Amino acid sequence: MNQSLWVDSSLMTGEIPVGPSLDENISADVAVVGGGFTGLWTAYYLKKLDPTIAICIVDARNPGFGASGRNGGWVSALFPAHLTALARSTSNQAALRMHRAMVDNISDIGAVINDHNWSVDWAHGGTVVAARTPIQQERARAAVLEMQSWGLGSDLMYLNREETLQQLGATDVLGGTFTPHCAAINPYLLVQELVHYLEKNGVLFFQNSPVIEMSPGIIRTRTGSVRAPITIRATEGYTRTIRGQKRTLAPVYSLMLATEPIPRAQIDEIGLRERQTFSDYRNLIIYGQRTADDRIAFGGRGAPYFFGSRISDSQDRNHKVHRELWQTLTDMFPVLRDSRVTHTWGGPLGIARDWWASCGLDRSTGQGWSGGYVGDGVGTSHLGGKTLAHLITETQSELTTLPWVDHQSPPWEPEPLRWLGANAGLQIMQRADDYEDRTGKPSRAAQVVGRLLGQ
């Protein structure tokens with residue numbers, strides 16, 4: 001089925017109330033375009049700072065329809081621009097402050113969930129990344145050495161073969177790494193909890209209302225508008241649907257699958273007893289988690305970028321990519337070969353041209369934004385929403401001085417250059433893994449692409 005595991009399982013706890021469409025002209029203090037995590041967290045923290053503020057959230061479909069309801073359920077400290085790229089553009093100190101903010105952000109989310117007693121299948125178990133070839137083992141060691149060079153050795157630890165297998169029972173394991181800075185979650189349950197909380201606190205939701213234009217002081221749909229001194233773009237992979245924003249973020253698809261609940265004896269072979277999220281050190285990104293009901297939810301890149309940044313529901317499924325994901329998963333865990341896949345889905349994530357996530361507020365126009373999370377938005381969107389709330393209310397905060405605040409990424413190239421470049425990079429990374437498996441040598445082409453991506 002196309003619907004994500006998260007949405008399907010969360011609906012059993014009660015659907016999010018369907019709000020009206022925006023079919024009139026109204027006013028608010030803050031108008032947010034996008035009902036995903038960025039918009040929801042912005043509204044949450046605005047209400048915490050000023051309960052009287054009038055907020056409306058306008059979504060083209062419904063809250064959580066986009067990446068917030070379809071992602072891998074990793075609440076990570078990963079920021080798309082690596083420390084060296086951040087330091088090159090700012091300073092070593094600023095890069096380290098950004099890293100520490102991302103680390104602290106995970107515990108902050110957990111504290112909110114705990115304070116409200118929200119049921120979202122939260123498990124702060126960290127991330128284990130396996131090294132399954134000698135080249136992957138070199139990458140693992142290099143990653144650890146890099147973190148140590150920044151004085152962050154406790155944030156990424158090298159594991160030998162036995163230590164890795166104690167956490168992750170994958171095939172061909174030679175070693176790996178572990179970071180405590182990640183939690184697993186059912187993201188759509190968190191969407192539901194946020195929506196219910198915000199509605200109780202007076203936030204207005206308008207659904208099935210695609211915004212076609214954002215101008216200073218006003219957002220417009222085909223049937224209505226909202227006038228507000230502050231307008232926030234929180235549209236991530238769907239940003240190209242807004243007039244004038246087609247080259248701001250490239251929508252690139254990531255796909256996922258989920259198994260049926262796995263019997264206890266088999267799931268114990270896989271490990272992940274603390275519900276650690278997991279991956280390995282291949283070039284083409286994969287990611288997975290053991291869910292609260294003992295399924296394996298697993299995803300990865302590999303779907304092509306579509307000409308003109310095209311987005312449609314039909315692109316959420318790519319049988320070839322889903323088949324390759326299943327082959328990868330069962331190669332890692334042969335015990336799953338007789339298991340049934342119950343869900344396959346996908347969706348677009350947002351990527352800025354320089355691979356920087358950013359958030360900010362232009363005081364002269366009242367227009368703000370947060371996005372470009374490159375697939376790590378469950379955590380970063382919380383930091384973005386909280387930062388935007390501080391910027392909007394002019395609350396003095398360390399968050400508003402982080403190096404991603406007010407960062408301006410360059411626009412993507414016009415077509416066909418955007419299509420050619422994006423898919424060429426994808427092909428290079430796909431072929432790099434095949435090349436390394438065949439030759440036992442690292443792919444120089446993948447290293448070049450990695451440097452271009454700020455890695």
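Using Cα-only point scatterers and the Debye equation, what is log10 of I(q)/I(0) for the range 3-92 at each q in 0.23 Å⁻¹, rounded to two decimals?
-1.18
For a distance above 19 Å, tell me the whole-number percent of Cα pairs in the range 121-276 that qualify.
Value for the range 121-276 (Cα pairs over 19 Å): 72 percent.
How far is helix 417-439 tilted, in degrees, relative to the longest principal axis of the Cα atoms in the chain, given as a value from 0 to 90 rounded to the nearest 10?
Relative to the chain, helix 417-439 is tipped by roughly 20 degrees.
Can you find, among HIS99, CYS56, GLY69, the residue farthest towards the positive end of the dipole of the range 33-128? Put +1 on the C-beta of Lys and Arg, -1 on that of Asp and Glu.
HIS99
Magnitude of the Cβ-charge dipole of the range 119-170, K/R +1 and D/E -1, about the Cα centre, nearest 20 debye?
180 debye
If you place +1 on the Cβ of every Lys and Arg and -1 on the Cβ of every Asp and Glu, how big does the dipole about the Cα centre of the chain come out, in debye to the nearest 20?
Dipole size: approximately 1100 debye.
Percent relative contact order of the chain, based on C-alpha pairs within less than 8 angstrom and at least six residues apart?
Normalised by residue count, the contact order of the chain is 24 percent.
Based on other C-beta atoms within 10 Å, arrange ARG340, ARG141, ARG418, ARG310 from fewest to most.
ARG340, ARG310, ARG141, ARG418
Rounded to the nearest 0.05, what FRET efficiency do GLN148 and GLN3 give with R0 = 35 Å and r taken as the Cβ-Cβ distance? Could you check?
It comes to 0.20.
How big, on average over all directions, is the shadow cast by the Cα convex hull of the chain, in nm²?
That works out to 20.0 nm², a quarter of the Cα hull's surface.
Suppose each label sits 7 Å from its Cα in the direction of the beta carbon; what would the SER91-ARG340 distance come out to in nanometres?
Roughly 6.0 nm, to one decimal.
Give me the net charge for the shell around MET157: Cβ to Cβ below 12 angstrom, other residues only, Lys and Arg +1, Asp and Glu -1.
Summing Lys/Arg as +1 and Asp/Glu as -1 gives -1.
Enumerate lysine pairs in the chain that are 8 or more residues apart or on different chains, then count those whose Cα atoms are under 30 Å apart.
8
Using each residue's phi in the range 339-345, evaluate 6.51 cos²θ - 1.76 cosθ + 1.60 at θ = phi - 60° and report the 3J(HN,Hα) Karplus result to the nearest Hz, with x for Gly and Pro.
Values per residue, Gly and Pro as x: 7, 9, 7, 9, 9, 10, 7 Hz.
How large is the Kirkwood hydrodynamic radius of the range 264-371, counting all unique pairs of alpha carbons, in Å?
16.8 Å
May I ask you to derive the FRET efficiency for GLU162 and ARG363 from their Cβ-Cβ distance with R0 = 56 Å, giving the value to the nearest 0.05?
0.50
Could you work out the per residue convex hull volume over the alpha carbons of the range 336-455, in cubic angstrom? Before the final figure, lay out each step's value.
Working: hull volume 22.2 nm³, N = 120.
Once divided by residue count, the hull of the range 336-455 is 185 Å³.
Once the other residues with Cβ under 11 Å from the Cβ of GLY379 are scored (Lys, Arg +1; Asp, Glu -1), what is the net sum?
Net charge around GLY379: -3.
What net charge is computed for the residues neighbouring ARG141, neighbours being all others with C-beta under 15 Å from the C-beta of ARG141, Lys and Arg scored +1, Asp and Glu -1?
Values: positive: ARG132, ARG139, ARG161; negative: GLU138, GLU146, GLU163, ASP280.
Overall, the nearby charge balance is -1.
Coordinate-derived values only; no laboratory data. Source: prediction; values computed, not measured. Neighbour counts run over all protein chains shown; Cβ positions are idealised from the backbone, glycine included.
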